[in-house]
Amino acid sequence: MDDKLRMIRFLGQYLAASRSEAQILEMAMIISQYVLGYDHAIIRVLDDDKLTSRKWIGFPREAADLNIGLGEGVCGRVAKSGRTILVEDTLQEPMVLKGVENCRSELCAPLVYNEKVVGVFNVESDKSGFFTERDIGLLETLATQVAAAMETTRLREELSRTEKLSVVGAMASSILHDIRSDIHTLYVSSDLLRNPEIKPERIEKLADTVKSAGENIYGLIEEILEFVRTGKSRISMKRVELLPVLESVVEQARSFAPDNVSVELSAGKNVALEMDRGRFKRMVLNLLRNAVEAMPAGGVVRVVCRQDNDEGVIEVADTGVGIDESQLEKIWEPLYTHGKKAGVGLGMAIVRKIVEEHGWTISVWSVVGQGTTFTIKTG
Ligand SMILES: Nc1ncnc2c1ncn2[C@@H]1O[C@H](COP(=O)(O)OP(=O)(O)OP(=O)(O)O)[C@@H](O)[C@H]1O
Ligand SMILES: [Mg+2]
């Protein structure tokens, strides 16, 4: 094998690893100059029917900056037809656009990927008749390698952008899901506050609920903004007295529960847990909302919390429709919803994520027609 072919093989091996576009173009220029011995070269890519330059050697800036239309000059014709053009003497060839002053001969090959022209590789010499028949084959081989490597890199970057977007999307939808729930609380609370028969102690509680829902929304917005800023959503663990938090969440559930559903709380006085307070509230609220929604004919939801040795246990039990055994595994899946008009199917996926973030466990017990109990253990 001669040196030129050896260099082309080396380029193929270099490009087979994952490279940035800058690395691909840099190495392609070094190797192609060795192989073809040209004076000037330029790689242009096709963007919206225009060729724009990506990398060049020996081209004046004005010439490199020129956007060339499909069919225009040598490069534009190669991009349009997908066929290599050799110009032996540029002075005799009217289709040559003015670029480099001294250019006397020119060879231009298409960058083809998946049978589509994605750009051109153009090389030039100050001597007329410089490029040979063999050079045509060599440049075409180089162009094929460069096109494949550039497209692979572009697709890889596109994929990682899509992945990032889908992470942001999942995060945003879970936050929006819970913001919607808090906004619903604000709506129903303001209606209840307008009721002329409302008792004064209820007004006090509803005012607390409005404040708590407002705090939740504020916390959720902060969380998403922090995620956009830093790419992370931090869990902020603190030792928290459970009773006041559960009282506030239960009060919020009472605001959206219909009259025939009662929401009860029984909690040991001094139960305290390491937790992210905001996420804990989101978790219990999602459980309570599902429990209330599972009792269209009315019933009781009971929140119980106790301390067993070092372990905190929280139970949310309802007397609702229950969950069929065959569906019990599915309720944790995002977008699984059953028997609800406006269900999205995110509530339980959010609950599970928050439980996992805390290193806790959750289990479910359910009998159709009798009710459902979720048990969270923190040990
Ligand atoms: N306490 C419960 N009693 C009966 N079924 C329940 C209970 N909790 C959850 N489910 C079932 O699990 C499904 C998934 O719940 P999840 O909270 O994820 O979604 P959703 O409530 O349908 O919609 P949303 O995204 O608005 O919360 C529900 O549609 C319901 O069928
Ligand atoms: Mg739900």
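Give the residues of the range 318-352 that are away from ligand 2 (no atom under 16 Å from the Cβ) and either of a type in the set (Gly, Ala, Ser) or surrounded by fewer than 19 Cβ atoms within 10 Å (Cβ to Cβ) (or both), sorted by residue number.
Asp324, Glu325, Ser326, Glu329
Quick check on the range 282-291. Is at least one of its residues among the basic types (Lys, Arg), out of contact with any Pro (no Cβ under 7 Å at 6 or more places or on another chain) and within 16 Å of ligand 2 (Cβ to nearest atom)?
yes
Looking at this structure, is Arg282 touching a Ser or Thr at 6+ places or on another chain (Cβ under 7 Å), among the basic types (Lys, Arg) and surrounded by 19 or more Cβ atoms within 10 Å (Cβ to Cβ)?
No; evaluated as a whole, the condition is false for this residue.
Looking at the range 27-60, which of its residues are in contact with a Lys or Arg (Cβ under 7 Å, 6 or more places away or on another chain) and part of a strand (DSSP E or B)?
The answer is Ile43, Arg44, Val45, Leu51, Thr52, Ser53, Arg54.
Considering only the range 39-56, I want to know if a residue exists there that is out of contact with any strand residue (DSSP E or B) (no Cβ under 8 Å at 6 or more places or on another chain) and within 21 Å of Phe130 (Cα to Cα). Walk me through how you get there before you give the answer.
To start, the set of residues in the range 39-56 that are out of contact with any strand residue (DSSP E or B) (no Cβ under 8 Å at 6 or more places or on another chain) comprises 47-48.
If we keep only those that are within 21 Å of Phe130 (Cα to Cα) too, we end up with none.
Scanning the range 39-56, I find no residue that is out of contact with any strand residue (DSSP E or B) (no Cβ under 8 Å at 6 or more places or on another chain) and within 21 Å of Phe130 (Cα to Cα), so the answer is no.
Can you pull out the strands (runs of 3 or more DSSP E) entirely within the range 213-315 that have at least 3 residues that are over 25 Å from Ser189 (Cα atoms) and modelled with pLDDT of 90 or more?
Answer list for the range 213-315: 238-241, 272-275.
Out of the residues in the range 76-101 that are in a loop (DSSP other than H, G, I, E, B) and farther than 20 Å from Thr132 by Cβ, which is farthest from the chain's Cα centre (by Cα)?
Selected residue: Pro94.
To keep it simple, each residue is scored yes or no on (1) among the polar types (S, T, N, Q); (2) within 15 Å of Ser181 (Cα to Cα); (3) within 9 Å of ligand 1 (Cβ to nearest atom).
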{"residue": "Thr337", "(1), (2), (3)": "yes, no, yes"}
{"residue": "Met348", "(1), (2), (3)": "no, yes, yes"}
{"residue": "Val355", "(1), (2), (3)": "no, no, no"}
{"residue": "His358", "(1), (2), (3)": "no, no, no"}
{"residue": "Trp365", "(1), (2), (3)": "no, no, no"}
{"residue": "Gly369", "(1), (2), (3)": "no, no, no"}
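Restricting the range 44-70 to residues that are on the phi > 0 side of the Ramachandran plot and exposed (fewer than 13 other Cβ atoms within 10 Å of the Cβ), which is modelled with the lowest pLDDT?
Asp48
The values are calculated or read from the model by the stated rules, or taken from the named source; none is laboratory data. In this text the structure is predicted, and so the values were computed from the model without any measurement. For neighbour counting, all protein chains shown are included, and Cβ atoms are generated from backbone atoms with ideal geometry for every residue, glycine included.
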